[in-house]
Amino acid sequence: MSKYKKLYSTLLLGVVSIAILLAAVFSYSKSIEENYKEENLNSLKELSNQAAVMLYNEIANKQNLLQELSHDVGRIFVDDPQAAANYLQDAAKRNNFKRIGVALPDGSSFTTDGAHLNIAEREYFSKVMNGHMTVSRNLDDYTDGSRIAVYAVPIFDESSQDVKGVLFATYSLETFRNTIEISFFGGAGYSYVVQENGDVVVDSKHPESFKGFQNVYAALLTADPVNNKDSAEKLWQMINRKQDGYIEFYNKEQKYMYCSPIGVNNWMLLTVTPARVIEDRTNTILNKTYLLGLLLIVIFLAFLWHIMRLHARNQKKLMDIAYVDEITGGYSFARFFKEAELGLVTSDKKTAIISMDIDGFKYFNDMFGYEEGNDLLRYIWREVGESLNTGELLAHGVADTFIFLLHFDTRDELLWRINDLCLHLSHYHTRTGQVYKLALSLGIYEVDGETDDIVSMADRAYIARQTIKNKGDTAWAFYDGAVRNKLLHEKEIESQMEKALLDGEFIAYYQPKYSTAEQKLIGAEALVRWQRSDGSIVSPSEFIPLFERNGFITKLDRYMFHNVCKQQMLWLQQGLKPLPVSVNMSRMCLYDPHLVDEYIEVLEESGLPPGYVEIELTESAIFENTEVMNGVIEALHKAGFKVLMDDFGTGYSSMVMLKDVNIDVLKLDKSFVDDIGDERSEKIISNIIYLAHSLQIEVIAEGVETEVQFVFLQSVGCDYIQGYYFGRPQPAAIFGELL
C-alpha cells in the first residue's frame, strides 16, 4: 500500500510540477508576447517619427530652395517671364523636379519643359498669391494626367513686397512617395500621408494597403465598419489634436497604424504594419508548447532559448536603428550618451565634452553635392576617431554636428589636442581633387561635477559652440555661466531685430570729419544706433557682431544706406549744402551680385547725386576675397561712389592690399592713433601716410581725442581727422545745425 502511495505521491508531485511548469511557461510566454509587442510598437513609433522628420526636411529643403530661386529670378521675372523659366532649367534638373515654372497673377505660366499651363484654378496658386508658401496635395498633371505634388512660393516685388507672381516646382508623386517608402519589418510595413480631414496626400503601392482610397476614415469604416469604428474615432482625435500615437484596425487582418505629425500643412504620416509580423513567432512558440506537453521540460528550455535568441536578435535590430549612425556607421548621439555615462564613472582623468560642426556646410553641399557632403562627414569621423585614446568617444548627429568625449590632465593638454586635430582637418580634398578649407566651430564643456546628466553637458557644449558659430575661421569656446547668459541675451536681441527694423528703431548718428590743415568740416560717417521705443539704447557692440553672424547685417546695411540718402536729400530740399557721408558695407553684402544695382536704384529713386554718399569697407572684408572685392569696388566707382578702407592696420596684410585694391581713402585705425607718443609708432604712422599719398590715396585718422594726437597728425600730413577731439557721433538734427 505504501508502494502505491509513494507512486501516487510521485505522480501527484509530477502532475503538480508539470502544472506549475505549465503555468510558469504560460505566464512567461504571455509576458514575452506583451514585451515583444511593446518593443515592436516602439520600433514602429521610432520609424514613423524618423520618416516624418525625413519628409519634413525634404519639404523644408525644397521650400528653402524655391525661396532662394524666387529671389534670384524676381528681377528677371518682371521683364521676361520666359527668360526666368529658362534660367530655372538647371535647378529643375539638379533637384529632380518634373518642371519648374513661374506664373503671372492671371495663372498663365512659363515652365522649364515648355508646357503651356494656366494654374489659376489650383488651390495652391491662390494661397501663394496671398503671400504663403505651400505644398499641394497630390494632383493630376495638366499635361499627361500623371499624379504630382507641387511646391510653390511667392515672387515678391523687392521694393513694395507685393506678390507679383508664383514660382512653382512640380514633383512626381512617385518621387514624393519614395521619400516615405522605407523598408521595415521585412517589407511588410508601408506608409501614407493624409490631410487633417483624412484625405490622402500620398498613398502607398504596397500590396496590402488600402486600394484607391480617398479618405483614411472612410477607408477604415469601409474595410471593417464594426471593428474599426472606435479606431477611426481615435485616429480622428489624434490627427485633429496633432498628436502622435497608434491604433489597431482590421483590413482583412489585424494591423497597427502609427500617426506622426509632419509639421507641414497639418499633414500626418500614417505608418502601418500587420499584427502578424509581431505575433507570428510568439504564437508558433506557444502552439509548440501546448502540443508537446509530454516533452514539457525540453520544449520549455528550447522555447526559452529560442525566445531569448529572437529577443536578442530583435533587440540588436532596434539598437542598430537607435544607436548606429546611418552615414558614418559609428555611434549615434543616443549611443554616445549611453556610453558616455559609463566613461564618466570609470575614468580617473578630467573629462571634456566637445560639440563640433562645420561652418558653411550647407554651401559645401550646394557646391559639391550631398554625396560629397557625406564623404566629408565620413572623413571627419575617420580622422577624429583615429585621434581618440582608449575610453574616449565620438558620435555623429544631425547634418554636420559631431560630439566627442576626451580625457585630459590639464587644459593646456586639451587645447593642444583640439588645435592639432583642427589643423589636421583644415584641408579636405574633394573627389575632383579640389582643396576645400574647413572652418570648424567647437564648444567645450569641462565636466566639473555641477551636473551628472550627460545630455545637459552636451547642451552646454552646444551653447558654447553657438557663441562662436560662423566666424569665418576655426574657433572654439569654453562653456561658463557668462556664455549661457550671453547666448540668452543674443536670442532676445534676435527675437526683436526684425520688428525694430520695421519700427524704425535703428537710427543714424553722424560723426563729423574735419580737414587737418584747415580744421574745416568736410563730411561725416553714419554710425548705426538702436534706440528702443522705451528710450533705452542697445550698444552697437551687443548687436553688430551678432547681426554679422546671423546675416541680418545685410538688411541693416541696406536700411542705413537708404536712410542716409533720404536724410541727405532732405537737407538739400531745406536749402542746406550737405557734405559727403560714408556708410558702412559689411562683408556679407559683397557676395550679393545685385547689391550695387540696388544702391544705384536707391540713389535714383531719391534723386541724390552719388557724390553725397561714400562706401566704407573693412580691411578684413577686402583681405577675405580680393578678387570679389575688386569687382565690387570697380562697380562702385563706375556708379560714382568714393570707396574708403576702414580699420586699416587691424589685419595682417595691409600693405599688400594697398597694392591690390583701388581704394580712394584709407582710414587709419584708432589703435595707431592711441600709440602716438611712442617713437616707433609715430614712424610707422608717418610712413603709412607717405606711402598712401604716393599712391594717390587720402588718409583719415580715426579716434583722435587729444590735442597732442591732432598736432602730430597735422605735422605728418594726415588729410582728415575723425574723433571726439572735433566731434562725437550726433543725431541728424544736431549734425544738420553744423551744415
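For the stretch 545-555, enumerate the residues that are surrounded by fewer than 16 Cβ atoms within 10 Å (Cβ to Cβ) and more than 17 Å from residue 487 (Cβ to Cβ). Steps first, answer last, please.
As a first pass, look at the stretch 545-555 and keep what is surrounded by fewer than 16 Cβ atoms within 10 Å (Cβ to Cβ): 545, 550-551, 555.
Of everything in the stretch 545-555, those that are surrounded by fewer than 16 Cβ atoms within 10 Å (Cβ to Cβ) and more than 17 Å from residue 487 (Cβ to Cβ) turn out to be 551, 555.
The set of residues from the stretch 128-173 being more than 19 Å from residue 68 (Cα to Cα) and of a type in the set (Lys, Arg) comprises 137, 147.
Among the residues making up the stretch 71-116, those that are open to solvent by less than 20 Å² (accessible area, probe 1.4 Å) and either within 25 Å of residue 265 (Cα to Cα) or assigned to a strand (DSSP E or B) (or both) are 91, 92, 97, 99, 100, 101, 102, 103, 107, 109, 111. Total residues in the stretch 393-421 satisfying the condition of being surrounded by 16 or more Cβ atoms within 10 Å (Cβ to Cβ) and either modelled with pLDDT under 90 or among the β-branched types (Val, Ile, Thr) (or both): the figure is 4. When the stretch 232-253 is filtered for residues that are farther than 18 Å from residue 204 by Cβ and either in contact with a strand residue (DSSP E or B) (Cβ under 7 Å, 6 or more places away or on another chain) or of a type in the set (Phe, Trp, Tyr) (or both), the ones remaining, listed by number, are 234, 236, 238, 242, 244, 245, 248.
Answer yes or no: is there a residue in the stretch 612-629 that is open to solvent by 30 Å² or more (accessible area, probe 1.4 Å) and modelled with pLDDT of 90 or more.
Initial filter on the stretch 612-629 (open to solvent by 30 Å² or more (accessible area, probe 1.4 Å)): 612, 618, 620, 623-628.
Retained after the next criterion (residues that are modelled with pLDDT of 90 or more): 612.
Yes: the stretch 612-629 contains one or more residues that are open to solvent by 30 Å² or more (accessible area, probe 1.4 Å) and modelled with pLDDT of 90 or more.
Scanning the stretch 662-709 for residues that are under 24 Å from residue 634 (Cα atoms), part of a strand (DSSP E or B) and small (Gly, Ala, Ser) yields a total of 0. In the condition set (1) open to solvent by 40 Å² or more (accessible area, probe 1.4 Å); (2) touching a residue at least 24 places away in the same chain (Cβ under 8 Å); (3) not hydrophobic (A, V, I, L, M, F, W, C), residue 593 is compliant with all but (2). Here the strands (runs of 3 or more DSSP E) wholly within the stretch 500-616 that include at least 3 residues being under 21 Å from residue 700 (Cβ atoms) and small (Gly, Ala, Ser) are 521-531.
Is it the case, given these coordinates, that residue 135 is touching a residue at least 40 places away in the same chain (Cβ under 8 Å) and under 31 Å from the mean Cα position of the chain (by Cα)? It is true that residue 135 is touching a residue at least 40 places away in the same chain (Cβ under 8 Å) and under 31 Å from the mean Cα position of the chain (by Cα).
Looking at 647, 664, 719, just one residue is under 30 Å from residue 577 (Cβ atoms), of a type outside the set (Lys, Arg), touching a residue at least 60 places away in the same chain (Cβ under 8 Å) and open to solvent by 30 Å² or more (accessible area, probe 1.4 Å), and that residue is 719.
When the residues of the stretch 138-154 are filtered to those that are part of a loop (DSSP other than H, G, I, E, B) and in contact (Cβ under 8 Å) with a residue 12 or more places away in the chain, the one that is surrounded by the fewest Cβ atoms within 10 Å (Cβ to Cβ) is 146. Hey, among the residues in the stretch 571-590 that are under 15 Å from residue 558 (Cα atoms) and among the small types (Gly, Ala, Ser), which one's most open to solvent (accessible area, probe 1.4 Å)? Here the residue is 586.
Residues of the stretch 421-446 being among the charged types (D, E, K, R) and in contact (Cβ under 8 Å) with a residue 40 or more places away in the chain, which ones?
Let us first name the residues in the stretch 421-446 that are among the charged types (D, E, K, R), namely 431, 437, 446.
Correct list: 431, 446.
Remark: residue 642 matches the filter, which requires a residue to be open to solvent by 60 Å² or more (accessible area, probe 1.4 Å), modelled with pLDDT of 90 or more and over 36 Å from the mean Cα position of the chain (by Cα). Has the stretch 256-265 got at least one residue that is of a type outside the set (Phe, Trp, Tyr), modelled with pLDDT of 70 or more, assigned to a helix (DSSP H, G or I) and in contact with a helix residue (DSSP H, G or I) (Cβ under 8 Å, 6 or more places away or on another chain)? Looking through the stretch 256-265, none of the residues is of a type outside the set (Phe, Trp, Tyr), modelled with pLDDT of 70 or more, assigned to a helix (DSSP H, G or I) and in contact with a helix residue (DSSP H, G or I) (Cβ under 8 Å, 6 or more places away or on another chain).
Listed here are the residues, each with its yes/no results for (1) open to solvent by 80 Å² or more (accessible area, probe 1.4 Å); (2) modelled with pLDDT of 85 or more; (3) touching a Leu at 6+ places or on another chain (Cβ under 7 Å); (4) of a type in the set (S, T, N, Q).
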{"residue": "206", "(1), (2), (3), (4)": "no, no, no, no"}
{"residue": "224", "(1), (2), (3), (4)": "no, yes, no, no"}
{"residue": "228", "(1), (2), (3), (4)": "no, yes, yes, yes"}
{"residue": "239", "(1), (2), (3), (4)": "no, yes, no, no"}
{"residue": "242", "(1), (2), (3), (4)": "yes, yes, no, no"}
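The values are calculated or read from the model by the stated rules, or taken from the named source; none is laboratory data. Remember, predicted model here, so these are calculated numbers, not experimental data. Here the Cβ is made from the backbone with ideal geometry for all residues, glycine too, and neighbour counts use every protein chain on show. SASA here: full protein model, heavy atoms, side chains in, ligands and nucleic acids out. Shrake-Rupley method; radii C 1.70, N 1.55, O 1.52, S 1.80 Å.
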